[in-house]
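Got a structure here, written out as structure tokens. Questions coming.
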Amino acid sequence: MIYFTRIDTHVGKLLAVKDQNILTQIYFPEKNKSHVPDPLWKYDNTKFSKEIREISDYFAGKLKKFSNIVIPKGTGFQQKVWKALLEIPYGATCSYQEIAEAAGSPKACRAAGSALNKNPLPIMIPCHRVIGKNGSLTGFGGGLPLKKYLLELEQKFL
């Protein structure tokens, strides 16, 4: 059974999805609209108490690292990239090249960017902490203003 809930945050209502008891997806609001859940999914807020608490604590500056992240399904390279993202400390950033290196493919910067774009658990698997080699803010599924907001939020609570 696939379950979902909506989590109120400072950046809008996130849609969280679980397959049984494993968190599989977080969707950002799109252009001030909530993502529409699949009609076959079942709404159940009680199955998401840990995620709701942790996301609320993250936005309040009380949580620096999410607990018990299960690396989502993906290609072997995507999973290596997502694991590497979990190693970026709260409030820190790194480049796409550094992530590619950490995933074992130093020349695969574009592939690392593609894996970040497919990250199904943004915020929890912190793809917002990856920036251009020159320090510029580059692509982010939630949009660059949200990426900037998340980075500034973390700096504020360091």
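Just so you know, all these numbers are worked out from the coordinates, no wet-lab data involved. Just so we're clear, the structure is a prediction, and the values are computed from it rather than from any experiment. Please note: Cβ atoms are built from the backbone with ideal geometry, for glycine as well, and neighbour counts cover all protein chains shown.
Can you work out the Karplus-derived ³J(HN,Hα) for every residue in the range 51-65? Use 6.51 cos²θ - 1.76 cosθ + 1.60 with θ = phi - 60°, whole Hz, and x for glycine or proline.
5, 4, 5, 5, 5, 4, 5, 4, 5, 8, x, 9, 10, 9, 8
Moving on. Using a simple spin-label model with points 7 Å from Cα along the Cα→Cβ vector, what separation in nm is obtained for GLN155 and ASP38?
Reported label-point gap for GLN155 and ASP38 is 3.9 nm.
Under unit Cβ charges (Lys, Arg +1; Asp, Glu -1), what dipole magnitude, rounded to 20 debye, does the range 2-59 have relative to its Cα centre? Present the calculation step by step, with values, prior to reporting the outcome.
On the way: 9 positive and 8 negative charges, 25 e Å.
For this selection, approximately 120 debye.
For the chain, what does -39500 (n - 2.57) per DSSP helix run (n ≥ 4), summed and divided by total residues, give at 222 nm, in deg cm²/dmol to the nearest 500?
Rounded to the nearest 500, the figure is -9500 deg cm²/dmol.
What residues from the range 1-32 fall in the zone where the backbone N is under 19 Å from a label point 7 Å along the Cα-to-C-beta line of ARG53?
5-9, 16-18, 21-24
Give me the net charge for the shell around TYR90: Cβ to Cβ below 10 angstrom, other residues only, Lys and Arg +1, Asp and Glu -1. Walk me through the numbers on the way to the answer.
Values: positive: LYS64, LYS65, ARG129; negative: GLU154.
Residues near TYR90 contribute +2 overall.
Within straight cross-link reach of LYS47, meaning Cα distance under 20 Å, which lysines are found once same-chain residues fewer than 8 apart are removed?
Excluding near neighbours in sequence, the set is LYS13, LYS18.
Find the relative contact order for the chain and round it to a whole percent, using C-alpha pairs within less than 8 Å whose residues are 6+ positions apart. Don't skip to the end; give the middle numbers.
Working: 222 pairs, mean separation 30.3, N = 158.
Contact order relative to length: 19 percent.
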